[in-house]
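To keep things clear, I will list the structure first and then write my remarks on it.
The values are calculated or read from the model by the stated rules, or taken from the named source; none is laboratory data. No experiment lies behind these values; they were computed from the predicted model shown. Note: ideal-geometry Cβ built from the backbone for every residue, glycine included; neighbour counts use all protein chains shown. These accessible areas exclude ligands, DNA and RNA; they are computed on the full protein's heavy atoms, side chains included. Shrake-Rupley method; radii C 1.70, N 1.55, O 1.52, S 1.80 Å.
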Amino acid sequence: MQENDFLSRVVMKMNFLFPDHIYLKLLYYLIMGKRLHLSNPKTMNEKLQWLKIAQRNPLLTTLVDKLSVKDYVAKTIGSEYVCPLLGSWDSFDDIDFSSLPNQFVLKTNHSGGNTGVVICQDKSLFDIKEAREKLTSSMAFDIFPRYREWPYKNIRKKIFAEQFLGEDIVDYKFYCFNGDADCVLLCIDRQKGDPKFYFFNREWQLLRYNKRGKEAPEGFTLPKPSNMDEMFDLASRMSKGFPFVRMDFYDVDGKCYFGEYTFYPASGFDYNRLPATDLYFGEKIDLSLI
């Protein structure tokens, strides 16, 4: 595994040498330890790799851009679901901190996961140097050449500030297949540095789809938000027409906010899902929609 980790880093640094299909096959073998079947993909991971190559809808660039998607969401389901924007800038040194409130969140508009997020809960204690290092590093990172996620190729990178919504907010990630929000993945304890992930269905039953879910004791559950049905419905509406997309929402005291569109979770290299789940989700992804 360590050798494969080293080789995958070497291949990533030399990504410009390979066309998409060769590069993804190499990377898939090194990361997942198995062949990538692009001619007849079956699992979710395989089909996400296929979609990286075949999916070229310009709308996707708008949707993965965390800034431009705000207008799209406001027009589609309403501005009340959009986290208020406090400002946007081309670089960290352009930020006017005097214009920001005591609490805020800084993000880069093209980054994945938590790599381009800095939270300020008290401006008097805010470490500007640390924030500059993290966000400048995020601005220098390009998802497209490293993972071939085409929607990110033409994003104009920005840093922006959003309203601070609260501490320890749970992230609800809906797995959607052409307008069908099949289930939701809860991400908890992310801000504590020890994120945990659990799948639930609409009836709020734990689904043993991943390693965490499989290991959870009998009777394990998590609190169900009062607006969970609303979030399921919104995710279904906003995912119509896409073979697969993960729709993320936050619940803040009974009010839900849109999080992001994610077309390739873990960039199609997710080894935390159980093999049966990877195949089940793969069967639900209809590639004929492309």
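Annotations for the structure displayed:
- Just one of the numbered conditions (1) free of Cβ contacts under 8 Å to residues at least 24 places away in the same chain; (2) among the hydrophobic types (A, V, I, L, M, F, W, C); (3) farther than 27 Å from LYS240 by Cα is not true of ALA74: (3).
Conditions tested, residue by residue: (1) assigned to a loop (DSSP other than H, G, I, E, B); (2) open to solvent by 50 Å² or more (accessible area, probe 1.4 Å); (3) free of Cβ contacts under 8 Å to residues at least 60 places away in the same chain.
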| residue | (1), (2), (3) |
| --- | --- |
| ASP5 | no, yes, yes |
| SER8 | no, no, yes |
| VAL11 | no, no, yes |
| ILE22 | no, yes, yes |
| HIS37 | yes, yes, yes |
| LEU48 | no, no, no |
| LEU60 | no, no, no |
| ASN114 | yes, yes, no |
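- Checked against (1) touching a residue at least 24 places away in the same chain (Cβ under 8 Å); (2) among the charged types (D, E, K, R); (3) open to solvent by 20 Å² or more (accessible area, probe 1.4 Å), ASP122 passes all but condition (1).
Conditions tested, residue by residue: (1) in a loop (DSSP other than H, G, I, E, B); (2) under 15 Å from the mean Cα position of the chain (by Cα); (3) buried (at least 16 other Cβ atoms within 10 Å of the Cβ).
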residue: ALA131; (1), (2), (3): no, no, yes
residue: SER137; (1), (2), (3): no, no, no
residue: ILE155; (1), (2), (3): yes, no, yes
residue: LEU165; (1), (2), (3): yes, no, yes
residue: ILE169; (1), (2), (3): yes, no, yes
residue: CYS176; (1), (2), (3): no, yes, yes
residue: LEU186; (1), (2), (3): no, yes, yes
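Residue-wise test of (1) touching a residue at least 24 places away in the same chain (Cβ under 8 Å); (2) in contact with a helix residue (DSSP H, G or I) (Cβ under 9 Å, 6 or more places away or on another chain); (3) buried (at least 20 other Cβ atoms within 10 Å of the Cβ).
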position: LEU207; (1), (2), (3): yes, yes, no
position: ARG212; (1), (2), (3): yes, no, no
position: LEU234; (1), (2), (3): yes, yes, yes
position: SER239; (1), (2), (3): yes, no, yes
position: ASP251; (1), (2), (3): yes, yes, yes
position: ARG273; (1), (2), (3): yes, yes, yes
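- Residue in region 67-89 that is surrounded by the fewest Cβ atoms within 10 Å (Cβ to Cβ), counting only those that are in a loop (DSSP other than H, G, I, E, B) and touching a helix residue (DSSP H, G or I) at 6+ places or on another chain (Cβ under 9 Å): ILE77
So that you can scan it fast, the table gives a plain yes or no per residue for (1) of a type in the set (Asp, Glu); (2) under 15 Å from the mean Cα position of the chain (by Cα); (3) farther than 21 Å from LEU60 by Cα:
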| site | (1), (2), (3) |
| --- | --- |
| ARG237 | no, no, no |
| LYS240 | no, no, no |
| PHE244 | no, yes, no |
| ASP251 | yes, no, yes |
| SER267 | no, yes, no |
| ARG273 | no, no, yes |
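- Every residue from region 98-112 that is over 27 Å from LYS196 (Cα atoms) and either in a helix (DSSP H, G or I) or open to solvent by less than 50 Å² (accessible area, probe 1.4 Å) (or both): SER98, SER99, LEU100
- Qualifying residue in region 224-241 (condition: part of a loop (DSSP other than H, G, I, E, B), in contact with a Cys (Cβ under 6 Å, 6 or more places away or on another chain), modelled with pLDDT of 95 or more and under 22 Å from TYR264 (Cβ atoms)): yes
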